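Read through the structure below, which is laid out as structure tokens, and then see the notes.
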Amino acid sequence: MKRKSSSALVFGLLLFFTISKVQAQNDLITNTAARQSLSLNGKWEYIIDPYETGFYDYRFKERAAGDREAYWNSDVPDNKLDRKEHGYISKYSINVPGDWNSQDPKFKYYEGTVWYKKSFDFKKKNPSDKLFLYFGAVNYRTDVYLNGKKLGSHKGGFTPFNFEIPDSALKDEANFLIVKVDNKRYADEIPTLNTDWWNYGGITRDVLLISLPKAYIKDYVIQLNPKNPAGNEVLGNVKFDGPVADKMVSIEIPELKLKKQFKVIGNEAKINFTLPKFQRWSPEMPKLYEVIVSCQTDQVKEKIGFRSIKTEGIQLILNDKPIFLRGISIHSEIPQESRRAYSQKDAEQLLGWAKELGCNMVRLAHYPHDEKMTRLADSLGLMVWSEIPVYWTINFSSQKVLQKAKKQLDEMITRDHNRASVIIWSVGNETPVSETRTNFMKSLLATAKKDDPTRLVAAALEVNYHSAENLRTIDDPLGEFVDIVAFNQYLGWYGGTPESCREANWATKYKKPLFISETGAEALGGYHGDRTTLWTEEFQEWFYQEQIAMLKRMPANFVGISPWILADFRSPRRNNPTYQDGWNNKGFIDQNGRKKKSFFILKEYYKEIQQTQK
Ligand code: GCU
């Protein structure tokens, strides 16, 4: 007995330190746009380092912190005889934010390490202020050094992270900031080696120097009580860092003439209050309220919408009404410039196209998109499916890989848990069914539910084909653990012809809402012919005519679709030299930002649905 209890104690301690380590790395500063910050966007100098010479010596040993040949240390010779074999000069500069692949032909296929260097001056307003370096996203592994001191490392290509800058590492002038970025793919990462999208590397989103008071508001959740979604009760919390002197925090919503005070216990305040008569957020009326969170030393403001989302049997209920999702899948990519999207203008282009289609929902595939997308979706009234890149053949048997997936899930939810637009957290896409995989995915679904009980959880599931009755069933075992049964189907493109849609039937054993998270066919923009000629716009138009006719025969629990995909995007897996040439052309919009014929077929379908739902 004794032996067992001691080993259980050891396991418990191990688990605690692992979780606390993961949590400690995730103390993300949220709502960074509303914080006092200095933008470090702009030109950074770089060194391309495929052999990681700046990180390993010639015996491939990791260089010591003070190693003068390490690329995180000064590149300026001490004297005429001081041999430096690395250096940062303006001739080799690159824009931040932005992937490197699209900024210079030599980077198009590059997968490896690039060292970035930025010099900046900074003086704290108050000596007691805390300083953080914040990255919107860096793909994939990041190591950050300031004036030769390591600030930290991060893995994951699509979620934000920040490192505190100790006073000892900061100078008033000419701070030497070095960021090592490595976008090599590995089997044990998230995503894994094989994806159907371009492996854009680099500092792909904003970089901020954030200055915060000694005691500051780190994060907060302010959402309607999921247990009483039709009510007007707000539940949540405010998390602090540093000593909150008067142990009080206030939540103010000026438009509703509401101001409430709550006690801070330790580093957190539980908040709970009822809203007076208010306008719920919805696609038709995307009402956002300015919410002010303040304590004695800090204050943050942001616009928050209040709505509820739930399922009731086979129905999807937004606020108090069943809703049909007129969706579209989107990659974070600007087709005309074949690059990662990162700016407000990029978000306006992509979501503007979705609105033109008549969408009320977007599936931001297959990874968390820039925060500007979810904030703009709040304003435009677009519901969001947000997803971590647990895509295809992840190593489901590894606990380490599960921890990596959970960390990305936690970072995605922490960043966007106040976004009314986000209604679904997806933990993956088209993962091959096995017991190991189902346990891995179940664990992610449970984490998402625990992290955020106010939203639905999903994943794009697998389909089984029964040739007898031309029946396709979604009975993926993971269906038991999701709120909405979502699946991808390409009937008429990967198998069959568009006519196959006429005889096809769909069913699921799960008494839950059914959602088609992908369907699609390729068309090279501007290539025309008769509709039976593959790759023509006419073929893709016919494909959607047949698919839409089939959608009108879907079972009663069918609640929507997000066809694949808004715009053509780059993929190293698409190598038909005439009709693809490194592009996946399933977009409704082509590589030049031009609408294909199928755009108007989908638009007409959504218009019809909107009219029948009036
Ligand atoms: C898959 C996958 C997408 C991919 C698409 C396609 O379902 O989810 O990422 O691009 O199909 O084959 O075009």
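The values are calculated or read from the model by the stated rules, or taken from the named source; none is laboratory data. Worth saying up front: this structure is predicted, and the values here are computed from it rather than measured. Every residue, glycine among them, receives a Cβ derived from its backbone with ideal geometry; neighbour counts consider all protein chains shown. For accessibility, only protein heavy atoms count, side chains too; no ligands or nucleic acids. Shrake-Rupley method; radii C 1.70, N 1.55, O 1.52, S 1.80 Å.
Scan the range 365-372 and give yes if some residue there is hydrophobic (A, V, I, L, M, F, W, C) and either under 15 Å from D416 (Cα atoms) or not in a loop (DSSP other than H, G, I, E, B) (or both), otherwise no. Full working, then the answer.
Step one: of the range 365-372, the residues hydrophobic (A, V, I, L, M, F, W, C) are 365.
Now restrict to residues that are either under 15 Å from D416 (Cα atoms) or not in a loop (DSSP other than H, G, I, E, B) (or both): none.
No.
When residues of the range 53-66 are filtered for being open to solvent by 40 Å² or more (accessible area, probe 1.4 Å) and either under 20 Å from A169 (Cα atoms) or among the acidic types (D, E) (or both), how many remain?
Result for the range 53-66: 5.
Name the residues in the range 135-148 that are outside any strand (DSSP E or B) and surrounded by 22 or more Cβ atoms within 10 Å (Cβ to Cβ), would you?
So the first thing to find is which residues in the range 135-148 are outside any strand (DSSP E or B), and the list is 136-138, 140, 147-148.
Once the filter is applied, which keeps residues that are outside any strand (DSSP E or B) and surrounded by 22 or more Cβ atoms within 10 Å (Cβ to Cβ), the range 135-148 yields G136, A137, V138, Y140.
Has the range 416-423 got any residue that is within 16 Å of the ligand (Cβ to nearest atom) and either surrounded by fewer than 21 Cβ atoms within 10 Å (Cβ to Cβ) or among the hydroxyl-bearing types (S, T, Y) (or both)?
Looking for residues that are within 16 Å of the ligand (Cβ to nearest atom) and either surrounded by fewer than 21 Cβ atoms within 10 Å (Cβ to Cβ) or among the hydroxyl-bearing types (S, T, Y) (or both), one finds none in the range 416-423, hence no.
Residues of the range 350-376 being away from the ligand (no atom under 16 Å from the Cβ), within 17 Å of I424 (Cβ to Cβ) and small (G, A, S), which ones?
A354 - this is the single residue of the range 350-376 that is away from the ligand (no atom under 16 Å from the Cβ), within 17 Å of I424 (Cβ to Cβ) and small (G, A, S).
Here is a list: K149, K130, K218. Which entry is more than 30 Å from V422 (Cβ to Cβ) and of a type outside the set (D, E)?
Values: K130 fails: more than 30 Å from V422 (Cβ to Cβ); K218 fails: more than 30 Å from V422 (Cβ to Cβ).
Result: K149 is the single residue among K149, K130, K218 that is more than 30 Å from V422 (Cβ to Cβ) and of a type outside the set (D, E).
Exactly one of these conditions fails for S571: (1) within 16 Å of the ligand (Cβ to nearest atom); (2) surrounded by fewer than 22 Cβ atoms within 10 Å (Cβ to Cβ); (3) farther than 26 Å from D99 by Cα; (4) of a type in the set (G, A, S). Give me its number.
Here S571 meets the rest and fails (3).
Which one of D452, D476 is out of contact with any Asp or Glu (no Cβ under 6 Å at 6 or more places or on another chain) and acidic (D, E)? Working first, answer last.
On the way: D476 fails: out of contact with any Asp or Glu (no Cβ under 6 Å at 6 or more places or on another chain).
Result of the check over D452, D476: D452.
Return the only residue of Y527, Y544 being away from the ligand (no atom under 12 Å from the Cβ), open to solvent by less than 10 Å² (accessible area, probe 1.4 Å) and hydroxyl-bearing (S, T, Y).
Working: Y527 fails: open to solvent by less than 10 Å² (accessible area, probe 1.4 Å).
Step by step, each of Y527, Y544 is checked, and only Y544 is away from the ligand (no atom under 12 Å from the Cβ), open to solvent by less than 10 Å² (accessible area, probe 1.4 Å) and hydroxyl-bearing (S, T, Y).
Within the range 452-471, work out how many residues are over 23 Å from E312 (Cβ atoms) and touching a strand residue (DSSP E or B) at 6+ places or on another chain (Cβ under 9 Å).
Step one: list which residues in the range 452-471 are over 23 Å from E312 (Cβ atoms), which gives 462-471.
If we keep only those that are touching a strand residue (DSSP E or B) at 6+ places or on another chain (Cβ under 9 Å) too, we end up with 462-466, 469-471.
Residues in the range 452-471 being over 23 Å from E312 (Cβ atoms) and touching a strand residue (DSSP E or B) at 6+ places or on another chain (Cβ under 9 Å): 8 in total.
Does A448 fit the bill of being within 15 Å of the ligand (Cβ to nearest atom), touching a residue at least 24 places away in the same chain (Cβ under 8 Å) and aliphatic (A, V, I, L, M)? Even if it seems obvious, please write down each step before you answer.
On the way: within 15 Å of the ligand (Cβ to nearest atom): no; touching a residue at least 24 places away in the same chain (Cβ under 8 Å): yes; aliphatic (A, V, I, L, M): yes.
No.
Filtering the range 424-444 down to residues that are under 16 Å from the mean Cα position of the chain (by Cα) and away from the ligand (no atom under 16 Å from the Cβ), which residue is farthest from S329 (Cα to Cα)? Even if it seems obvious, please write down each step before you answer.
At the first step, the residues of the range 424-444 found to be under 16 Å from the mean Cα position of the chain (by Cα) are 424-429, 444.
Within this subset, residues satisfying the condition of being away from the ligand (no atom under 16 Å from the Cβ) are 425, 444.
Values: W425: 14, L444: 22 Å.
Across the range 424-444, the extreme among qualifying residues is L444.
Take the range 387-405 and flag every residue that is open to solvent by less than 50 Å² (accessible area, probe 1.4 Å) and under 19 Å from E462 (Cα atoms).
Correct list: E387, I388, P389, V390, Y391, W392, I394, N395, F396.
With respect to S379, determine if the residue is free of Cβ contacts under 8 Å to residues at least 60 places away in the same chain, open to solvent by 30 Å² or more (accessible area, probe 1.4 Å) and either away from the ligand (no atom under 16 Å from the Cβ) or in contact with a Lys or Arg (Cβ under 6 Å, 6 or more places away or on another chain) (or both).
Values: free of Cβ contacts under 8 Å to residues at least 60 places away in the same chain: no; open to solvent by 30 Å² or more (accessible area, probe 1.4 Å): yes; either away from the ligand (no atom under 16 Å from the Cβ) or in contact with a Lys or Arg (Cβ under 6 Å, 6 or more places away or on another chain) (or both): yes.
So S379 fails the test.
Hey, does the range 495-507 have a residue that's within 14 Å of the ligand (Cβ to nearest atom) and open to solvent by 10 Å² or more (accessible area, probe 1.4 Å)? Show your work before the answer.
First, pick out the residues of the range 495-507 that are within 14 Å of the ligand (Cβ to nearest atom): 495.
Then drop every residue that is not open to solvent by 10 Å² or more (accessible area, probe 1.4 Å), which leaves 495.
Yes, the conditions are met somewhere in the range 495-507.
Checking I394 against (1) of a type in the set (A, V, I, L, M); (2) part of a strand (DSSP E or B); (3) within 16 Å of the ligand (Cβ to nearest atom), which single condition isn't satisfied?
Every condition holds for I394 apart from (2).
Identify, from the list S332, S338, the residue that is under 13 Å from the mean Cα position of the chain (by Cα) and within 16 Å of the ligand (Cβ to nearest atom).
Numbers: S338 fails: under 13 Å from the mean Cα position of the chain (by Cα).
Answer to the check: S332.
Filter the range 27-52 down to residues that are in a helix (DSSP H, G or I) and either over 30 Å from Y216 (Cα atoms) or open to solvent by less than 60 Å² (accessible area, probe 1.4 Å) (or both), then give me how many there are. Give the derivation first.
Of the range 27-52, the ones in a helix (DSSP H, G or I) are 32-34.
After this cut, where a residue has to be either over 30 Å from Y216 (Cα atoms) or open to solvent by less than 60 Å² (accessible area, probe 1.4 Å) (or both) as well, the list is 32, 34.
Final tally of qualifying residues: 2.
Hey, among the residues in the range 88-134 that are of a type in the set (S, T, Y) and assigned to a loop (DSSP other than H, G, I, E, B), which one's least open to solvent (accessible area, probe 1.4 Å)?
That would be Y88.
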